[in-house]
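Asks: Below you'll find the structure I mean.
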Amino acid sequence: MSSVAVFASGSGSNAENIVKYFEGRLFSADFHFLTNNKKAFVIERARKLNVKCTLFNREEFYNSDAIVEKLQDEGCELIVLAGFLWLVPENIINAFKGKIINIHPALLPKYGGKGMYGSKIHEAVVANGETETGITIHYVDENYDEGKIIHQVKCDVLPTDTAADVESKIHALEYKHYPEVVEKLLNI
Ligand code: GAR
């Protein structure tokens, strides 16, 4: 069984959606959620899904090999960032070269970089009068939102759309495409 780590800092609806996508499949995956935020709703989702969940702090993430060792011990094949807001440090990037992916709720390189996440992006998209936006699934390197793009999908932004409307469209795209990309990369 493939071992997959999912990092999330907040709600974790993508994390849950990915787990549910694989439920009941013959070739499935063993999931492990990790979060930097003790108030993140992803912890509750993990409990309900019966998925292992690890809470870590800044010291463990940036100044130790604790996470690398934990994930290597369990044979982690893919690290999936799903609404994870901290920059991934070099030791994790190097230990899992080409095996860390992220989803970004915009058409990178537009609306990327530090501080660009979640609803902030959709508010900016609407404020700028964009006529389209979308999702980007990409490999993770040492900079925010700059790794090689794996998959991009667009959607329209109507003149009447609010940031909340855009967010719903983006979530729908994420729920459809992110699990499919995970499955492809795991080759199961
Ligand atoms: C998702 O839309 C994801 O693309 C975005 O945060 C949301 C998390 O939702 N990620 C970023 O903005 C990263 N820069 P979720 O916690 O419900 O999955």
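Here, each number is a calculation from the coordinates, and none is a lab measurement. These numbers come from a predicted model, not from an experiment. Positions of Cβ are backbone-derived with ideal geometry, glycine not excepted, and every protein chain shown enters the neighbour counts.
Asks: Which percent of Cα pairs goes in each bin when the distances of region 112-188 are cut into 5 angstrom slices starting at zero?
Replies: For region 112-188, the binned pair fractions read 3, 14, 23, 23, 19, 11, 5, 2, 0 percent.
Asks: When a/c reaches 1.5 or more, the comparison of a/b and b/c decides; with that in mind, is region 145-188 rounded, prolate or oblate per its Cα gyration tensor? Walk me through the numbers on the way to the answer.
Replies: Numbers: a/c = 3.36, a/b = 2.07, b/c = 1.62.
It is prolate, given that a/c is not under 1.5 and a/b is the larger ratio.
Asks: Next up: Pulled fully out, how much extra length does the chain show between Asn50 and Lys148, if you take 0.36 nm times their separation in residues and subtract their Cα-Cα distance?
Replies: On the way: separation 98, 0.36 × 98 = 35.28 nm, distance 3.27 nm.
Between Asn50 and Lys148, full extension yields 32.0 nm more.
Asks: Here's another thing I want to ask about it. Taking a quarter of the surface of the Cα convex hull of region 1-48, what do you get in nm²?
Replies: Details: hull surface 12.4 nm².
With the hull built on Cα positions only, its mean projection is 3.1 nm².
Asks: Let me ask another. Given Cα pairs under 8 Å that are at least 6 residues apart, what percent is the relative contact order of region 20-88? Could you put the intermediate results ahead of the total?
Replies: On the way: 39 pairs, mean separation 16.5, N = 69.
In percent, rounded to a whole number, it is 24.
Asks: With a Förster radius of 25 Å, plug the Cβ-Cβ distance of Thr131 and Ser168 into 1/(1 + (r/R0)^6) and report the FRET value to the nearest 0.05. Don't jump to the answer; show the numbers that get you there.
Replies: Values: r = 17 Å, r/R0 = 0.70.
In this case the efficiency is close to 0.90.
Asks: Tell me whether region 1-102 comes out rounded, prolate or oblate; compute the Cα gyration tensor, take square roots of the eigenvalues as a ≥ b ≥ c, and use a/c under 1.5 as the rounded threshold. Provide the component values of the computation, followed by the final result.
Replies: Working: a/c = 1.83, a/b = 1.23, b/c = 1.49.
Oblate, since a/c reaches 1.5 and b/c is not below a/b.
Asks: In Å, the Kirkwood hydrodynamic radius of the chain over pairs of distinct alpha carbons? Show your work: numbers first, answer last.
Replies: Values: mean 1/r = 0.0594 Å⁻¹.
Over the chain, the inverse of the mean reciprocal pair distance is 16.8 Å.
Asks: How many lysine pairs does region 129-188 hold where the Cα atoms are under 17 Å apart and the two sit 8 or more places apart or on different chains? Could you put the intermediate results ahead of the total?
Replies: Values: Lys148/Lys184; Lys154/Lys169; Lys154/Lys176; Lys176/Lys184.
The number of close lysine pairs in region 129-188 is 4.
Asks: While we're on this one: Relative to the present Cα-Cα distance, how much length would full extension add between Val68 and Val181 at 0.36 nm per residue of separation?
Replies: Working: separation 113, 0.36 × 113 = 40.68 nm, distance 2.31 nm.
Fully extending the segment from Val68 to Val181 adds 38.4 nm.
Asks: Does anyone have the angle between helix 118-127 and the longest principal axis of the chain? Alpha-carbon axes, 0 to 90°, nearest 10?
Replies: 10
Asks: Right, next: By how many degrees, 0 to 90 and rounded to 10, does the Cα axis of helix 163-186 deviate from the longest principal axis of the chain?
Replies: 40
Asks: Report the charge-dipole magnitude of region 29-102 in Debye, nearest 20, computed about the Cα centre from +1 at each Lys and Arg Cβ and -1 at each Asp and Glu Cβ. It would help to have the intermediate numbers written out before the result.
Replies: Values: 10 positive and 10 negative charges, 90 e Å.
Approximately 440 debye in magnitude.
Asks: Near Ser168, within a Cβ-to-Cβ distance under 11 Å, what is the net charge of the other residues, with Lys and Arg +1 and Asp and Glu -1?
Replies: Net of charged neighbours comes to -3.
Asks: May I pose another question? Taking the Cα centre of region 5-154 as the origin, how large is its charge dipole in debye, to the nearest 20, when only Lys and Arg (+1) and Asp and Glu (-1) carry charge on their Cβ atoms? It would help to have the intermediate numbers written out before the result.
Replies: Values: 17 positive and 19 negative charges, 94 e Å.
Rounded to the nearest 20 debye, it is 460 debye.
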